[in-house]
Amino acid sequence: MRFKTTVIARLALRNLRRQARRSLLTAASMIAGSALLIFSLILGDGTHEQWIDSAVRMADGHLSILSPRFRASRALKDRMPAESRAAVEQALRQGGIPGEIRAVAPRLAVTGMASSAAGARPARILGVEPAGEAAFSLLDEKLQQGRYLRPGDRLAAYVGIGLLEALDLRLGSKFVLTAQDAGGEIAGQLVRVVGTFRTGIPEADRSLLHIPLSTAGAWLGCSGDVTSLGLLLENSQQVPQARRSLQQRLSETHGTEALLALSWRESLPELDAAVKIDDFSNYLFQGILFSIIALGIVNTVLMSVMYRRREFGVLQALGLTPGQSASLVLVEGLILTVLSGTIGIALGLSVTWFLWGEGLDLSSMMDNEWTFSGVVMDPVVVPRFRVARMVQGLSFIFLIGMLASLYPALRAMRIDVAETMKFER
Amino acid sequence: MGNPALQTEAVWKVFHQEAEKVRAVRGVTLTIQPGEFVVLAGPSGSGKTTLLNLIGGLTRPTDGRVWVDGLELTRMSSRELARMRLEKLGFIFQSYNLLPVLSALENAEFPLLLRGLERGQREHRVRELFQRTGLAGLEHRRPGKLSGGQQQRVAVIRAVVGEPALVLADEPTANLDSAASDILLTVMEELNRDLGTTFLFATHDSRLMERSRRLIHLVDGQIASDQWQEPRRES
Amino acid sequence: MKRTEHQGRGRRVLNTLRMPLLVLVLTSTGLAASDRHSPRAIIDRVDRVLLGASSRGVATMRVITRHWERSLTMEVWSLGADYSLVRVLSPAKEAGTGTLKASRDIWNYLPKVDRTIKIPASMMMGSWMGSHFTNDDLVKESRLVEDYEIETTFEGTRESVKVWEFTLTPRPEAAVVWGKIEYRVRQRDFMPLQARYFDEEGELVRTLTFSDFRRMGDRLVPAHMEMQPQDKPGERTSVSYDELQFDLDIDKSFFSLRTLRRGR
């Protein structure tokens with residue numbers, strides 16, 4: 001037998017209209033829920049993008065290019081020689097990598113010791129190109145005193161406030177960096193404090209310092225070489241594609257000794273985990289919220305089924321199969337949820353867009369600084385609108401509508417026709 | 001051709017109500033040929049409605065067998081029963097039971113809609129029946145805007161529109177005044193005469209009994225009498 | 001936090017001791033007569049008081065802080081500036097624990113678990129055998145004449161001893177932490193008497209005092225050294241040599257992991 005979907009849809013729509021008040025009430029909860037869903041999704045995405053942006057700018061970028069051996073050893077001997085670096089930079093300039101590269105930061109990283117007359121501390125020393133690094137990193141914005149490194153600086157160091165205090169230094173003070181150089185010898189380098197920063201991350205404030213790349217190269221006997229090239233992209237969504245394309249190009253040009261293009265997910269696994277956990281808790285919250293909304297839908301649809309038991313009896317007497325009766329209920333539930341869900345999403349989108357499109361200031365909700373994965377966060381969250389999220393939201397709502405209508409549909413299917421007719425007198 | 005419109009063979013229906021057995025239908029054997037206009041009469045609780053439900057495939061018999069147009073219901077799945085109802089049976093209920101969200105026309109054509117007939121075919125057939133039953137012009141009213149008699153005539157159209165082998169009508173006149181009942185009965189008689197539609201009524205309305213050609217009395221779930229008679233002409 | 005502070009204090013104490021402890025050989029380098037009394041020559045000689053071909057000695061280190069006091073006796077071998085081997089003799093709890101420095105690598109040996117551990121660069125700041133010595137102290141070499149401009153600022157009698165006093169000022173880009181060092185050297189035998197270390201602001205940070213000049217293994221050495229940090233009154237660390245021999249018949253092969261492990 002041919003089954004006319006349009007018949008079912010028409011009946012469903014008219015039934016919803018007949019119980020307009022009940023339908024509207026359920027729709028309202030669905031609209032509010034969907035609006036909240038989409039709001040929290042895009043705000044969550046905005047928050048995560050901000051986490052990622054801040055974190056990668058304090059670390060190695062969305063993508064970092066390094067030798068696979070350096071990834072494991074973090075030792076200077078596994079650095080990227082000047083020729084490789086030039087080849088990579090050439091490839092980056094040529095373009096053709098999907099996504100937009102905002103900044104490239106060549107860095108020479110070494111672990112060593114910073115000492116002054118007052119003592120010595122372990123230090124993470126980063127040789128950087130001052131101009132490029134200022135565009136790349138957030139560290140220059142965390143300035144406390146003095147200034148960030150400038151092109152032309154030589155014996156200059158930009159030092160964390162914790163290290164500064166531990167070594168009893170002030171602006172202009174000299175101190176000595178000691179580390180194993182490229183040849184494996186212990187080498188010392190005198191530098192002077194030109195600026196200090198406070199990130200709020202104890203670990204960074206206590207041990208991190210920037211010096212000019214040229215100084216680091218000369219000191220460590222590997223001028224022109226770097227340990228990694230950091231890439232800052234327009235946003236984190238561009239990472240997977242850019243990474244694939246870049247890795248392919250690196251493999252082509254460097255063969256088996258290929259350099260690695262490492263994404264932030266790999267270089268900052270704890271951030272990756274945090275984003276996933278946060279997403280999960282968001283989903284969990286949505287799950288609970290929508291379970292409640294779903295109960296409302298179950299109630300509305302079930303009520304409508306029970307109220308129309310006779311009608312379903314008649315329909316079945318007229319030749320509607322139990323399955324068709326069930327699908328009538330399902331369609332009713334789906335129309336209700338998908339329609340109101342779509343309205344809710346549109347509402348959530350526009351409200352977010354108009355009210356907080358420029359950013360939502362959460363500073364009043366937070367005490368002090370909000371540090372996360374070693375990065376201090378901007379309390380202003382800029383929502384992030386993505387088509388994928390809308391689709392995801394709609395699918396979720398569709399699923400909820402489906403699940404919520406399932407039980408009422410089952411009830412409609414199991415209606416005892418003779419029984420419903422019994423009470424007609 | 002050649003199949004009786006309805007045949008039952010020693011049909012029993014036993015309900016269990018609070019540890020008490022209620023034997024609603026007790027071994028009814030009955031045959032109705034195409035074109036018959038039969039009234040099943042009996043007092044309340046005599047088992048008329050239960051028998052009708054058994055014939056309609058809405059209730060499964062405890063024992064015995066039922067055929068509609070040669071198809072044995074007792075072996076059918078609920079899907080097959082639904083299909084059988086759609087293709088072989090028409091129902092008329094005491095309280096009309098039109099779908100309130102559909103117009104008179106939509107209600108009437110509903111079985112055709114379910115069978116997947118094209119709009120043109122449906123309309124042609126339904127409009128003709130609206131003419132024939134004196135409902136022309138009321139096609140687009142919702143059931144709530146029709147009188148009881150009009151609603152029941154729409155229900156009659158719905159029952160016969162698919163040219164079923166058998167129309168089951170349970171107390172079709174019970175909610176109608178005598179004028180409306182008369183009109184309805186006349187409509188059904190004409191349909192029986194002109195289209196050859198087979199009707200089986202369950203009723204204790206004497207006017208309806210008088211106008212039947214075959215009157216079956218049901219007492220305590222058993223056939224007490226089954227007689228042919230000369231129907232009383234319309235007054 | 002506690003630990004860091006403790007290490008920091010120790011660090012200050014030990015910077016001083018690095019040189020005398022590890023570089024044991026007093027070399028009587030034949031300086032040309034004309035150079036003999038130039039400040040550079042004298043400081044170079046003092047710097048090398050404790051640097052030489054090869055040596056073996058037994059030393060006791062005492063660390064006194066406001067909160068605790070500790071004493072460690074150890075046996076020390078050295079070959080030039082690149083090779084050294086240190087083994088703890090007492091207290092018994094730590095006896096056998098050793099450290100080997102061979103060119104630029106450092107290993108620790110822990111007898112209880114019979115394991116040698118190579119110290120990675122990042123742990124160079126770790127404390128050496130629970131003392132205030134850091135691993136880094138063991139690797140660094142002294143280069144006073146390379147890193148400093150030296151001038152004589154006093155020549156005469158202090159406490160009835162004829163002395164020179166030199167002021168060492170770091171060369172402009174020399175990788176040294178001090179603002180200046182003031183060295184007092186006994187004229188009679190070129191023995192160092194005292195070294196005072198100042199920071200860039202000219203404040204005294206610590207004072208190293210040499211005493212108990214004795215002949216040990218044919219050489220005159222300051223057998224006792226004591227360092228006092230300026231900002232921790234009452235605290236000090238001292239090292240005394242009980243035995244010292246020079247120019248032993250040992251070569252690079254002695255400074256192996258096998259020796260470190262063997263116990264003697």
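None of the figures in this text is laboratory data; all of them are computed from the coordinates on show. Keep in mind that this is a model prediction, so the values were computed, not measured. Here the Cβ positions follow ideal geometry from the backbone for every residue, glycine too, while neighbour counts run over all protein chains shown.
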request  = Give the long-range amide H neighbours of B:Gly90: residues separated by 5 or more places, or on another chain, with amide H under 5 Å away, using H modelled in the peptide plane at 1.01 Å from N.
outcome  = B:Leu166, B:Val167, B:Leu168
GNM top mover of B:Ala159, B:Ala179, B:Ala202 - chain B, alpha-carbon springs below 10 Å = B:Ala179
remark   = If B:Glu171, C:Glu69, B:Glu72 are placed from fewest to most neighbouring beta carbons inside 10 Å, the sequence is C:Glu69, B:Glu72, B:Glu171
ask   = Going by alpha carbons, how many degrees (0 to 90, nearest 10) lie between the helix axis of A:5-18 and the longest principal axis of chain A?
value = 90 degrees
note = Expressed as a percent, the portion of alpha-carbon pairs in chain A spaced more than 29 Å apart is 59 percent
query = Over what distance in Å are the Cα centres of the range A:130-172 and the range B:10-32 separated?
reply = 97 Å
remark   = Note, the range B:29-35: 3J(HN,Hα) by Karplus (6.51, -1.76, 1.60, θ = phi - 60°), whole Hz, Gly/Pro = x, goes 10, 7, 10, 10, 8, x, x
task = May I ask you to derive the relative contact order of the range A:60-267, considering only C-alpha pairs under 8 Å and at least 6 residues apart, and to give it as an integer percent?
result = 35 percent
Theoretical FRET efficiency, 1/(1+(r/R0)^6), r = Cβ-Cβ of A:Leu410 and A:Ile343, R0 22 Å, to 0.05 = 0.20
Distance cut-off 20 Å, percentage of C-alpha pairs in the range C:150-264 lying past it = 59 percent
inquiry  = Please compute the modelled spin-label separation between C:Ser253 and C:Gln230, points set 7 Å along Cα→Cβ, answer in nm with one decimal.
reply    = 5.0 nm
ask   = Going by how many other Cβ atoms sit within 10 Å of their own, how do B:Val156, C:Val58 line up, fewest first?
value = C:Val58, B:Val156
task = Could you please report the charge total around C:Asn108, scoring K, R as +1 and D, E as -1 over all other residues with beta-carbon less than 10 angstrom from its beta-carbon?
result = +2
note = Counting Lys and Arg as +1 and Asp and Glu as -1 over every other residue whose Cβ sits under 11 Å from the Cβ of A:Leu164, the net charge comes to +1
ask   = Which one of A:Leu171, A:Ala103, B:Ala108 is farthest out on the positive end of the charge dipole of the protein assembly as shown, using unit charges on Cβ (Lys, Arg +1; Asp, Glu -1) and the Cα centre as origin?
value = B:Ala108
remark   = Sequence order, the range B:178-192: Karplus ³J(HN,Hα) from phi using 6.51 cos²θ - 1.76 cosθ + 1.60, θ = phi - 60°, Hz rounded, Gly and Pro as x, gives 5, 5, 5, 4, 4, 4, 4, 5, 4, 4, 6, 4, 5, 4, 5
Sites C:Leu204 and A:Arg74 - FRET efficiency at Förster radius 41 Å, r taken between beta-carbons, to 0.05 = 0.60
query = If you place +1 on the Cβ of every Lys and Arg and -1 on the Cβ of every Asp and Glu, how big does the dipole about the Cα centre of the range B:85-200 come out, in debye to the nearest 20?
reply = 340 debye
inquiry  = List the pairs from A:Lys77/C:Lys101; A:Lys142/A:Lys174; A:Lys174/C:Lys252; A:Lys174/C:Lys112; C:Lys112/C:Lys232 whose alpha-carbon separation is above 31 Å, in the order I gave them.
reply    = A:Lys174/C:Lys252; A:Lys174/C:Lys112; C:Lys112/C:Lys232
Taking A:Thr5, A:Thr420 and counting other C-beta atoms within 10 Å, the order from fewest to most = A:Thr5, A:Thr420
message = Need the C-alpha centroid separation for the range B:178-205 versus the range B:95-138, integer Å.
response = 18 Å
request  = Determine the dipole magnitude for chain A: charges of +1 sit on the beta-carbon of Lys and Arg, -1 on that of Asp and Glu, nothing else is charged, the reference point is the Cα centre, and the result goes in debye to the nearest 20.
outcome  = 1960 debye
ask   = Once amide H atoms are placed 1.01 Å from N in the peptide plane, what residues at a sequence separation of 5 or more from C:Val205, or on another chain, have their amide H within under 5 Å of its amide H?
value = C:Tyr197, C:Phe198, C:Asp199
key: Lysine pair count for chain B [Cα-Cα under 26 Å; pairs on different chains or 8 or more apart]   = 5
message = Between the range B:44-83 and the range A:387-401, what is the separation of their alpha carbon centroids in Å?
response = 45 Å
message = Tell me the angle of helix A:269-307 to the major Cα principal axis of chain A, expressed in degrees between 0 and 90 and rounded to the nearest ten.
response = 10 degrees
query = Using modelled backbone amide H atoms (1.01 Å from N, in-plane), which distant-in-sequence or interchain residues come within less than 5 Å of A:Asp181's amide H?
reply = A:Ile186, A:Ala187
inquiry  = If N is the number of residues in the protein assembly as shown, what value comes out of its Cα radius of gyration divided by 2.2 N^0.38 Å?
reply    = 1.69
ask   = Do you know the relative contact order of chain A, to the nearest whole percent, from alpha carbon pairs under 8 angstrom that are 6+ apart?
value = 26 percent
remark   = With B:Ile55 itself left out, Lys, Arg at +1 and Asp, Glu at -1 over residues whose Cβ is under 14 Å from its Cβ give +1
